[in-house]
Amino acid sequence: MKEILYKSTRNSKLRVKASEAILKGLSDDGGLFLPTEIPTLDVSFEELSKMNYREVAYEVMKLFLTDYTEEELKNCINNAYDDKFDTEDIVPLTFADGAYYVELFHGATIAFKDMALSILPHLMTTAAKKNNIDKEIVILTATSGDTGKAALAGFDSVPGTKIIVFYPKGGVSFIQEKQMVTQKGANTKVIGIKGNFDDAQTGVKKLFGDAKLRDDLSNKGFQFSSANSINIGRLVPQICYYVFSYAKLLSEGKIALGEKINIVVPTGNFGNILAAYIGSKMGLPVNKFICASNENKVLYDFFKTGTYDKNRDFALTNSPSMDILISSNLERLIYMLAGDDDEKNKEFMHELVTEGRYEITDSMKEGLKNFYGGFATQEETLEQIGKLYKDTGYVIDTHTAVASRVYDEYKKTTGDDTKTIIASTASPFKFVGNVMKAINPAGVSDDDFAMCDSLSKLANVDVPRAVEEIRDAAVLHSDVVEVDDMKAAVLAFLK
Ligand SMILES: *Cc1c(COP(=O)(O)O)cnc(C)c1O
C-alpha cells in the first residue's frame with residue numbers, strides 16, 4: 001500500500017506520519033493537516049456492498065493511516081464500533097419522504113460525533129505507543145454541545161490521558177449539558193465559559209498556540225492534543241459512513257453501480273460535509289454536496305458569493321451544535337481550491353483574523369460548483385419536523401431538520417431528483433424540548449425526561465440508553481469561568 005504522509009494547510013512542505021498528525025491535532029504553524037494526496041478506494045463497491053461497517057471502515061481508513069499496522073487499525077475499529085452502538089448496522093438508513101436518512105446517532109452519546117470520537121482515543125493511544133510518547137496526553141476541547149460528551153465518553157478512564165472540555169454556558173440543550181456535567185472519570189473535567197462556541201474554540205486554539213504553556217506543561221509531563229473536528233483522526237472515520245451508506249444502497253438495489261447520489265449535511269464546523277467531499281475524491285460517486293446551515297448562515301453566504309464573512313451577530317438557535325461563525329474545517333477546502341497553495345491559504349486565514357472576512361478568487365469559485373448552500377430559520381426547522389412526522393411518522397432532531405428543509409427547497413428550485421442521503425446527526429431525544437414543540441406543542445413541559453417518555457410513545461422508539469443513564473445522575477462538574485480564565489482553569493486541573 002502506498003504510504004500517505006500529512007502536510008499542513010499553512011506549510012505544504014511539512015511531512016508527518018498519520019500517527020503524528022493525530023497526536024498533534026493541529027500543526028504548529030496553526031494549519032490543519034491534510035494527506036499529501038487523497039488515496040482512491042482499492043476495492044470495488046460491489047465488494048464493499050458485501051461488507052459490514054467495521055470491514056468498510058477498515059478499507060477506507062487503511063488508505064489514510066498507513067503507518068498503523070493492519071492489526072493496530074483493526075483493533076481500534078473493533079474497539080470503537082461495538083455494542084456501544086445500539087444497532088448491528090452501526091449507521092442504519094431510514095427512507096422517509098423521498099430521501100434516505102443515514103442515522104449517525106446510534107452511539108454512546110446519541111449524536112454523530114460518536115462516529116469519530118469512539119475511535120479517536122484508540123487511534124491516539126496507539127499513536128502514542130508507536131511514537132514512544134511518555135507524556136500524559138491532555139485533550140483540550142471546545143464544544144458546541146455534542147463533541148464534548150462524545151469526547152468525554154471516549155476518553156473516560158483511558159490510561160495516559162486527561163480530557164478538559166469547554167462548553168458555552170447557556171448555549172447547549174438541557175440534555176447536552178446534563179450529559180456533560182454528570183461525566184464520571186477522574187481524568188475528566190468539564191468547564192462552562194461565559195461566551196459562545198466561537199469564544200470557546202478561539203480560546204482553545206490560543207492555548208494550543210501558547211508556546212510557553214506548552215513548554216511548562218511538557219516539563220510537568222503533559223502534552224496537549226485536540227479532539228476537535230480539526231483532528232485528522234476525526235475526519236478520516238467520518239468518510240467511512242458515506243462509503244458504507246452508498247454500498248448499502250447498492251446492496252439493497254436502491255441505486256445502480258456508479259450512480260451518483262446527493263449528500264445533504266447539516267453543517268457547523270464543516271467537518272462532516274468535508275468528509276463526504278474527500279470520500280468523493282476517493283471514488284464515491286457524488287452529484288451535489290448540499291450544505292445546510294441554520295440562522296448562522298456564513299456558509300450559505302459563502303457558497304453564494306465567494307466571500308466568507310463572520311462579521312455578524314451570533315444567533316443562539318434551536319440547532320445549537322451548528323451555532324458557529326468560524327467553520328474551522330473550511331480551511332481545508334480553501335487550501336484545496338487554491339490548488340494546495342499554502343501561501344494563498346495563509347493570506348485568507350490572516351484576513352479572517354484581522355478583518356473577519358476574505359473573498360476567494362474567481363478560479364477558486366469554479367471549484368465550488370458541486371456545492372449547494374441553503375439555510376433554514378428556527379421556525380422552518382420546527383415546521384419541517386412537524387411536517388415529516390405528520391406525513392410519515394418519522395421523527396428527526398432539529399439539526400437533521402435543517403438539512404431536511406434545505407433539501408426540500410433544493411428539490412423545488414432545481415427539480416433535481418437524484419437519489420439523496422441526508423446525514424441525520426442527532427437523536428430527537430437529545431433536543432426533546434424543541435422536537436416536542438414541533439410535533440405536539442401541548443406536550444411541552446419543563447421536565448425534559450418526562451418529554452423523552454412521551455416522545456418515545458409518539459415516535460414509537462425506545463428512550464435511548466444515553467438518556468436513561470443521566471436521568472438520576474449526580475452533577476459532578478459545576479465550574480463556570482470567564483473566557484480569559486480558561487488557561488488558569490487548565491492549569492488548576494493539571495496542578
Ligand atoms: C457537530 C454537529 C453538527 C455539525 O457538524 P460539523 O462537522 O461541525 O459541520 C451537526 N449536527 C449535530 C447534531 C452536531 O453535533
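The values are calculated or read from the model by the stated rules, or taken from the named source; none is laboratory data. All values reported here derive from a predicted model rather than from experimental measurement. Note: ideal-geometry Cβ built from the backbone for every residue, glycine included; neighbour counts use all protein chains shown. What goes into the accessible areas is simple: the full protein's heavy atoms, side chains included, and nothing from ligands, DNA or RNA. Shrake-Rupley method; radii C 1.70, N 1.55, O 1.52, S 1.80 Å.
Determine the calculated [θ] at 222 nm for the chain from helices alone, applying -39500 (n - 2.57) to every DSSP H run no shorter than 4 residues and normalising by the residue count; nearest 500 deg cm²/dmol. Walk me through the intermediate numbers first.
Working: 22 runs with 224 residues, N = 495.
So the helix-based figure for the chain works out to -13500 deg cm²/dmol.
Looking at region 68-150, which GluC sites (Glu not before Pro) are in a loop (DSSP not H, G, I, E or B) and have at most 11 other Cβ atoms within 10 Å? If you can, show how the numbers build up before the last one.
Details: sites: GLU70, GLU71, GLU72, GLU88, GLU103, GLU136; in loops: GLU88.
The qualifying sites are GLU88.
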Next item on the list: Determine the sum of side-chain charges near PHE95: Lys and Arg each +1, Asp and Glu each -1, restricted to other residues whose C-beta is under 13 angstrom from that of PHE95.
Entry: -1
Next item on the list: Determine ³J(HN,Hα), in whole Hz, for all residues of region 275-283 in sequence, where each value follows from phi through the Karplus function 6.51 cos²θ - 1.76 cosθ + 1.60 and θ = phi - 60°; x replaces Gly and Pro.
Entry: 4, 5, 5, 5, x, 5, 5, 7, x
Check: Which shape class, rounded, prolate or oblate, goes with region 57-200 when its Cα gyration tensor gives a ≥ b ≥ c as root eigenvalues, a/c under 1.5 marks rounded, and past that a/b bigger than b/c marks prolate?
Finding: oblate
Item checked: For the chain, share of DSSP beta bridges that run antiparallel, in % to the nearest 5 -> 25 percent
Check: If the convex hull of the alpha-carbon atoms of region 123-257 is projected onto planes in all directions, what is the mean projected area in square nanometres?
Finding: 10.9 nm²
Note to self: Nearest 5 percent is fine: what portion of the DSSP beta bridges confined to region 82-191 is antiparallel?
What the structure shows: 30 percent
Next item on the list: With a probe of 1.4 Å, find how much accessible area region 1-65 has per residue, and write the answer as a whole number in Å².
Entry: 41 Å²
Margin query: Set the bar at 23 Å for Cα to Cα. Now go through LYS212/LYS495; LYS113/LYS205; LYS84/LYS297; LYS169/LYS220; LYS13/LYS310 and name every pair that lies beyond it.
Written below: LYS84/LYS297; LYS169/LYS220; LYS13/LYS310
Check: If you build the Cα gyration tensor of the chain and take the root of 5 times each eigenvalue, what three semi-axes come out, in whole angstrom, biggest first?
Finding: 30, 27, 24
Check: Quick one: Cα centre-to-centre distance for region 134-205 and region 84-126, in angstrom?
Finding: 20 Å
Note to self: I need the shape label for region 171-243. Rule: rounded when a/c is under 1.5, else prolate if a/b > b/c, else oblate, with a, b, c from the alpha carbon gyration tensor.
What the structure shows: oblate
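Which percent of the accessible heavy-atom area of region 14-111 goes to carbon and sulfur, probe 1.4 angstrom?
Result for region 14-111: 44 percent of the exposed heavy-atom area is carbon or sulfur.
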Checklist line | Per-peptide average of other Cβ atoms within 10 Å, ordering 303-315, 279-291, 365-377 highest first | finding: 279-291, 365-377, 303-315
Margin query: Checking the cross-link filter: which aspartates and glutamates have an alpha carbon closer than 14 Å to that of LYS437, excluding same-chain neighbours under 8 positions apart?
Written below: GLU379, GLU380, GLU383, ASP397, ASP446, ASP447, ASP448
Notebook entry, point to check: Ignoring ligands, DNA and RNA, what accessible area per residue does region 190-304 give at 1.4 Å, in Å²?
Noted result: 28 Å²
Item checked: Whether region 221-315 is rounded, prolate or oblate, judged on the alpha carbon gyration tensor where a/c under 1.5 counts as rounded -> oblate
Note to self: Restricting to bridges with both residues inside region 139-293, how much of the DSSP beta-bridge set is antiparallel, in percent to the nearest 5?
What the structure shows: 0 percent
Next item on the list: Return one whole number: the accessible area per residue of region 358-454 in Å², for a 1.4 Å probe.
Entry: 41 Å²
Notebook entry, point to check: How would VAL402, VAL461 line up by accessible area, probe 1.4 Å, largest first?
Noted result: VAL461, VAL402
Margin query: Please report the carbon-and-sulfur percent of the accessible area for region 201-240; probe 1.4 Å, protein heavy atoms only, DNA, RNA and ligands left out.
Written below: 52 percent
Margin query: Counting only protein heavy atoms and a 1.4 Å probe, tell me what percentage of region 327-428's accessible area is made up of carbon and sulfur.
Written below: 46 percent
Check: Among all the lysines, which ones have a C-alpha under 20 Å from LYS281's C-alpha, if same-chain residues fewer than 8 places away are not counted?
Finding: LYS2, LYS7, LYS62, LYS248, LYS260, LYS365, LYS369, LYS419
Next item on the list: Please report how far the C-alpha centroid of region 395-429 lies from that of region 299-361, rounded to the nearest whole angstrom.
Entry: 23 Å
